[in-house]
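Have a look at the structure below, then the notes.
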Number of protein chains: 2
Amino acid sequence: MKQTGDLTLIKKINKSIVLEMIRRESPLSRARIAERTGLTKATVSSLVNELIESNLAHEIGMGQSRGGRKPMLLLFNGAAGYAVGVDLGVSYIHAALTDLNGQIIEEIRLQNDASSVETVFAELKDCIHSLIRKAPESPYGVIGIGVGIPGFSDEEGIVLFAPNLGWENVPLQKMLEDEFHIPVVIDNEANVGAVGEMRFGAGREAASLVYVSIGAGIGTGIIIKDELYRGISGFSGEIGHISIHHDGKPCRCGNSGCWELYASEKALLEEARAAYGNPRMKLSELLQFAKQSDPKALRLLEDLGRYIGVGIVNIINVFNPERIIIGGRLAEAADWLKPPLMEIVEKRSLP
Amino acid sequence: MKQTGDLTLIKKINKSIVLEMIRRESPLSRARIAERTGLTKATVSSLVNELIESNLAHEIGMGQSRGGRKPMLLLFNGAAGYAVGVDLGVSYIHAALTDLNGQIIEEIRLQNDASSVETVFAELKDCIHSLIRKAPESPYGVIGIGVGIPGFSDEEGIVLFAPNLGWENVPLQKMLEDEFHIPVVIDNEANVGAVGEMRFGAGREAASLVYVSIGAGIGTGIIIKDELYRGISGFSGEIGHISIHHDGKPCRCGNSGCWELYASEKALLEEARAAYGNPRMKLSELLQFAKQSDPKALRLLEDLGRYIGVGIVNIINVFNPERIIIGGRLAEAADWLKPPLMEIVEKRSLP
DNA sequence: TTTGTTTGTTTAATGAATTTACAAAGTCCA
DNA sequence: TGGACTTTGTAAATTCATTAAACAAACAAA
């Protein structure tokens, strides 16, 4: 059965258009909304009054007149409700309570060593509980929880596979919903990052963007026409597993010469450990060497930047997005990575 | 100004849902449409009667009763109008007149040697004129013209760049609209192929598919959620220019080791000409050798199949589409290409 | 023959947007 | 200072597509 149209659908469409406009362009008046949406003033008045009644908007007083009666300015009520967002990392949990504007109200960061599902889930639970306790009184309370994970999940919020956590088939969404009784969404960390950058970050003006998160591996989130693109079974966006060397090193994904074998933190550390003969070398140490202009370290970072660039060129050629945003832990090394990366990109991609 | 909702929007939505259902599942009755869409019988009746009045549907008589009054069956009226589709090739023009069911009514195929824009356009014009003359009398007449071109175009139907035709910045859409005064759409041959396969071909059941057209180069059309994906400036989908060999041969696109340098007809012929010492060897000759089980030819085709497979694996890893459809001239060689291709795909991609 | 089912239409009710009119509160200029 | 014009927002009447309910026609099965 398809989505058919009726009167309630119309109202939903128009109400959400009005709300969205208030959210993004407030403060503004009813008259201006009518002008910009094409709806009549009467319709806008009625919808706005309903929004005010349901606490999603506020009147904040008169504005400047433009030659006639003064407009009553409207503001989106970010304090109508709150939400919890969690970045579930391999060795940390980073959780935040935000209002509906995305403003962070409370934050918790804690380190943990990758351990069993039970331990991590217990910590996660405590974390979220204490954030919810800190939420101010509000009409809608805490409306939902979102979790970004370093791995794949399906539509039902089951963590199918998170190699670096060692998780497999963990029904995280259901576990959290059973605990907190509010809606929970689970998604890949790169997808979450992509949506975040689109809404609040560097991609606010762009309708299409690719977010590349370079950490232990490479994760990517793809936004097309303001919407996150998912492949059919949730396994899409594995740009990290594009082969950039068709007869290169074998990858655990089955393919050979995958990009992430050459352009990830893991790859960098492997090279570095070989170069320095120190099998326990850490990223921070390498960056120390680089700061001291150690030629070996600089060389390693330059190579890495170049490899990253090769993959970026592929992304440009395939998706031609308006923006490419690079995030993840390796972003700390941006100073060294950017020049060789940009050189490759400029040389190899269409304008 | 955004699309707001009003009563006419509702009607448009519902009418198109009903029409689409008739088009795809006819013959069927009003009652069945009501059941399947969730609309009431009264609404469906009213919409169907309007469709009949505007000649888009027909009643074709009573069907079998299922225990009550016999249903009046409805049929989509494919003869309400006609359309012209053109495949503008490098050395040929292939044009067809179809009805609204996509049934081909008339067809014209002609060879031409790649020549100036003026000559090709004159031939194209004659071609289309003679097809339009052959269109039967109908309520809507010939409603539009679609042209697939071997190159890039923008939203205004300007052929930005068609290397194998030698065209640059040709406003083909406007030229045709000025001549015929009906809507014209221009698009890349691979995009057109992708949409065609989705509607009428091997991808009818799939919501996402990638169409790979392997000819002189490699073109790709990407369908996501039943919609063609275009990059921001119309230059997207250049999967052919994914680098599969990061320090491989330089490509005229600026990148190195592009897939199409290894997996296209051009690549095959270059290898073949070198192998046989015949600088004018043609594809048909090579296929002749292959038919005679000539080991050199078989080897070349096997290599090509493997290279194609490498790129297909990349497509799977990035898009994870429901279907991948391979078309183009090299499809003739499918018998030899398929085994090595499938071997690579099975070995290297996730299930 | 009776009962129940299926198809499709008719009629009245519902509800959301539009149109038209208008009151309130300004600005601007002579 | 006063009148003309603007701008903002609300109110009442109108329009129109859908739904709900009732119903007639046609038919199968008991």
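The values are calculated or read from the model by the stated rules, or taken from the named source; none is laboratory data. Everything numeric here is computed off the predicted structure, so don't read it as measured data. Because the Cβ atoms are built from the backbone with ideal geometry, glycine has one as well, and the counts that use them run over all protein chains shown.
Can you tell me which residues in the stretch A:236-277 are among the aliphatic types (A, V, I, L, M) and more than 11 Å from chain B (Cβ to nearest Cβ)?
Residues satisfying the conditions are A:Leu261, A:Ala267, A:Leu268, A:Leu269, A:Ala272, A:Ala274, A:Ala275.
Of everything in the stretch B:20-35 that's under 20 Å from A:Thr4 (Cβ atoms) and within 11 Å of DNA strand C (Cβ to nearest atom), which residue is farthest from the other protein chains (Cβ to nearest Cβ)?
Here the residue is B:Ser29.
Being hydroxyl-bearing (Ser, Thr, Tyr), in contact with a Lys or Arg (Cβ under 9 Å, 6 or more places away or on another chain), assigned by TED's automatic domain parsing to the domain that holds A:Ile242 and closer than 30 Å to B:Lys347 by Cβ is the requirement here; does A:Tyr307 meet it?
no
Could you check the stretch A:226-235 and list, in sequence order, the residues that are within 7 Å of chain B (Cβ to nearest Cβ) and modelled with pLDDT of 75 or more?
If the condition is that a residue be within 7 Å of chain B (Cβ to nearest Cβ) and modelled with pLDDT of 75 or more, then A:Tyr229 is the only one that fits.
Within the stretch A:331-348, does at least one residue satisfy the condition of being within 14 Å of chain B (Cβ to nearest Cβ), without any contact (Cβ under 8 Å) to a residue 60 or more places away in the chain and of a type in the set (Val, Ile, Thr)?
Yes, some residue in the stretch A:331-348 is within 14 Å of chain B (Cβ to nearest Cβ), without any contact (Cβ under 8 Å) to a residue 60 or more places away in the chain and of a type in the set (Val, Ile, Thr).
Is it the case that some residue within the stretch B:292-313 is surrounded by fewer than 22 Cβ atoms within 10 Å (Cβ to Cβ), touching a residue at least 40 places away in the same chain (Cβ under 8 Å) and under 28 Å from the mean Cα position of the chain (by Cα)?
no
When the stretch B:131-163 is examined, which residues are found to be in contact with a helix residue (DSSP H, G or I) (Cβ under 9 Å, 6 or more places away or on another chain) and assigned to a helix (DSSP H, G or I)?
Result: B:Ile132, single match.
When the residues of the stretch A:16-57 are narrowed to those that are part of a loop (DSSP other than H, G, I, E, B) and within 16 Å of A:Phe76 (Cα to Cα), which ends up nearest to DNA strand D (Cβ to nearest atom)?
Among residues in the stretch A:16-57 that are part of a loop (DSSP other than H, G, I, E, B) and within 16 Å of A:Phe76 (Cα to Cα), the one nearest to DNA strand D (Cβ to nearest atom) is A:Pro27.
Between B:Gly61, B:Gly5, B:Gly67, which is assigned to a loop (DSSP other than H, G, I, E, B), of a type outside the set (Lys, Arg) and at positive phi?
B:Gly67
Scan the stretch B:335-347 and give yes if some residue there is part of a helix (DSSP H, G or I) and among the β-branched types (Val, Ile, Thr), otherwise no.
yes
Identify all residues within the stretch B:314-330 that are within 14 Å of chain A (Cβ to nearest Cβ) and buried (at least 19 other Cβ atoms within 10 Å of the Cβ); write none if there are none.
Across the stretch B:314-330, the qualifying residues are B:Asn314, B:Ile315, B:Ile316, B:Asn317, B:Val318, B:Phe319, B:Asn320, B:Pro321, B:Arg323.
Do we have any residue at all in the stretch A:164-185 that's in a loop (DSSP other than H, G, I, E, B), more than 14 Å from chain B (Cβ to nearest Cβ) and polar (S, T, N, Q)?
yes
Would you be able to say whether some residue in the stretch A:115-130 is out of contact with any Lys or Arg (no Cβ under 6 Å at 6 or more places or on another chain), part of a strand (DSSP E or B) and aromatic (Phe, Trp, Tyr)?
no
I'm told B:Met72 meets every condition in (1) more than 8 Å from DNA strand D (Cβ to nearest atom); (2) under 30 Å from B:Pro183 (Cα atoms) except one. Can you identify the failing condition by its number?
(2)
Got a number for residues in the stretch A:203-219 being among the small types (Gly, Ala, Ser), closer than 17 Å to A:Lys338 by Cα and under 14 Å from the mean Cα position of the chain (by Cα)?
Qualifying residue count, the stretch A:203-219: 1.
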